[in-house]
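First up is the structure itself, then whatever we jot down about it.
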Amino acid sequence: MLLERLAIAAAAVMERYGPARTTMADPALVELAISSDSDEAARTRALRLLGFAADLPVRAVALQSQLPLDQVAALICPARTVKAAPLADVGVILATTVDQTRFPAGVRAGIGAAESPELSWQQARTALRFTTPHRPTVPYAELGALALLAQVPRDSAHDNTDVAAIARIAGSPQEVDLETLEAYCVTGSLRRTADLLHLHHSSVARRLERIGKTLNIELTEPTGLIRAGLALTTWRLLNN
């Protein structure tokens, strides 16, 4: 209630003087626009006061950034209305269009797919959890069935033998093996993994052999590679 009253007070001032022309926005208004607890009338008014037209879709981006939010927002949506605000541990960008190829280095971002900001925000938060150093930008629309992993209960994920094996690697002196495994899951090729990590293919082969023994998975088999990829992704979700 306090948040909504603050947003309404800010809205009254903005309604008098018009929408702000800057990229940064009042966090209370942004939260009102993306909250699933907001009623439709309050959300519509918040979006209007932020400068978004009623007939255009508004998508959300959740991000962790070493750069200022307004700088990132201007890059990914240079020609249309875009607003950014910090909320707790994550940054929010609202935009009518998002160019996912324009995110700069040092940014991890999840991009919502829905055209309504509250659902798009939920999707963006989920997609952000799937980001990695090798895949810093994740559109929710590209997750497909992988998004279901975000709904797995934490206790069930912790108790899974494959996920537990990944956790043991993460806590061991061979933690670098996780980077190798992730690159191998992305490329599916020993030589392409070696190129990506700037290592000799024989070094990558030894690492993958060690990882396979630890996981008790045959990584050269398609089923084994799928298991390893799912286990690694689930472990990352537990820690994001």
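The values are calculated or read from the model by the stated rules, or taken from the named source; none is laboratory data. Values in this document were obtained by computation on a predicted structure and should not be read as measured data. Please note: Cβ atoms are built from the backbone with ideal geometry, for glycine as well, and neighbour counts cover all protein chains shown. Heavy atoms of the whole protein, side chains included, go into the accessibility calculation; ligands, DNA and RNA do not. Shrake-Rupley method; radii C 1.70, N 1.55, O 1.52, S 1.80 Å.
GNM remark for the chain: springs join alpha carbons under 10 Å apart, and the peak mean-square fluctuation among 211, 93, 34 falls on 211. In degrees from 0 to 90, rounded to the nearest 10, what is the angle of the helix 222-238 Cα long axis to the longest principal axis of the chain? The angle comes out near 50 degrees. Along the axis of the charge dipole computed for the stretch 158-228 (Cβ charges of +1 for Lys and Arg, -1 for Asp and Glu, origin at the Cα centre), the listed residues 173, 184, 203 are led at the positive end by 203. P(r) tail for the stretch 177-240: Cα pairs beyond 18 Å make up 29% of the total. Diffusion coefficient (Stokes-Einstein, Kirkwood radius over C-alpha pairs, 10 °C, 1.306 mPa s) for the stretch 128-198: 114 µm²/s, rounded to a whole number.
In µm²/s, what is D for the stretch 25-82 at 20 °C and 1.002 mPa s, where D = kT/(6 pi eta Rh) by Stokes-Einstein and Rh is the Kirkwood radius from Cα pairs? Reported coefficient: 172 µm²/s.
Taken over the stretch 50-129, the convex hull of the Cα atoms encloses 85 Å³ per residue.
Rounded to the nearest whole Hz, the Karplus-based 3J(HN,Hα) values (6.51 cos²θ - 1.76 cosθ + 1.60, θ = phi - 60°) of the stretch 158-170 follow the sequence 4, 7, 5, 5, 5, 5, 4, 5, 4, 4, 5, 4, 4, with x at glycine and proline.
For helix 117-129, report the angle its Cα long axis makes with the longest principal axis of the Cα atoms of the chain; keep it between 0 and 90° and round to the nearest 10°. The angle comes out at about 30 degrees. When 162, 70 are compared by accessible area of protein heavy atoms, the largest-first order is 70, 162, using a 1.4 Å probe.
The alpha carbons of the chain occupy a box of 67, 35, 29 Å along the principal axes, longest dimension given first.
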